[in-house]
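The values are calculated or read from the model by the stated rules, or taken from the named source; none is laboratory data. This is a predicted model, so every value here is computed, not measured. Neighbour counts run over all protein chains shown; Cβ positions are idealised from the backbone, glycine included. Quick note on the areas: whole protein, heavy atoms, side chains included, nothing else; ligands and nucleic acids left out. Shrake-Rupley method; radii C 1.70, N 1.55, O 1.52, S 1.80 Å.
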Amino acid sequence: MLPLSTIVARLAWAALLGAIIGLERSIRRRPSGMRTGFCISLGAALFTIVSIEIARRTGDASTTRIASNIVQGIGFLGAGVILRERGSVVGLTTAATIFAVAAMGMAAGGGLYSVSGIACALVLCALIFLFYVEGWLNLKPRYMLFRIVVDRAETMVADVHRIFSDLKVGIDNFQVSLTGERNLIQFDAEVSTRQQEKILAALCKPGVSCEMVPVERQNG
């Protein structure tokens, strides 16, 4: 049997790696935070250690299939964080992260400290660095509904068309209507995260109410 100190070291290393990945998810206010990452990685490591020890004691190598079943269990857990929200599928990155955290836990449970540590660094690189690369390259635009409430629509209509023209973004379903004593300007556009920030910064002025929500693109 593995020495208790070795088992504790493997479990602690696995838990630390899972917590690090979970911290990044918590900072971005995504599902699967520190506690979830901690428990997933620790559980995967423990299952791996148990399967190794059972195989060693019984001489039955088939008991190592316990570890292979971790993948199936993590698949169900990951599916639980994938949601369809206002026309968009969200949670895919978190589900993939859960899968990677479980793999890191298995590697740590098997005593592959360097491998699991490198995997953790690569996952963090993907979650942090590639997030900005996607925004810079405008790879993940979302179809958004814009609602702007103003006292006078004429100037704002001109501003909207100028802002979106400068960003080279097309506008769909443009409408202007009266809501009480104020004007409602409403339209759809496909914009990236960086473009959303620029648009809101340009549109939101004193006396102007802006709202932006994801919507389903209407085909037809």
Accessible area per residue in Å² at 1.4 Å probe, computed on segment 66-207: 57
Qualifying GluC sites (Glu not before Pro) in segment 150-193, DSSP loop, other Cβ atoms within 10 Å at most 10: Glu181
Rounded Å value of the spacing that divides the Cα centres of segment 1-61 and segment 101-148: 19
Selection of trypsin sites (Lys or Arg not before Pro), segment 116-220, meeting DSSP coil and at most 15 other Cβ within 10 Å: Arg152, Lys168, Arg217
All Cα pairs of the chain, percent lying beyond 32 Å: 41
More than 18 Å apart - percent of Cα-Cα pairs taken over segment 86-190: 66
Carbon + sulfur, % of accessible area of the chain - ligands and nucleic acids excluded, 1.4 Å: 62
Cβ-Cβ FRET estimate between Leu184 and Arg29, R0 fixed at 25 Å, reported to 0.05: 0.25
Rounded to the nearest 20 debye, dipole of the chain from Cβ charges on Lys, Arg, Asp, Glu: 500
Extension gain (nm, one decimal) between Arg65 and Leu137, 0.36 nm per residue minus Cα-Cα: 21.7 nm
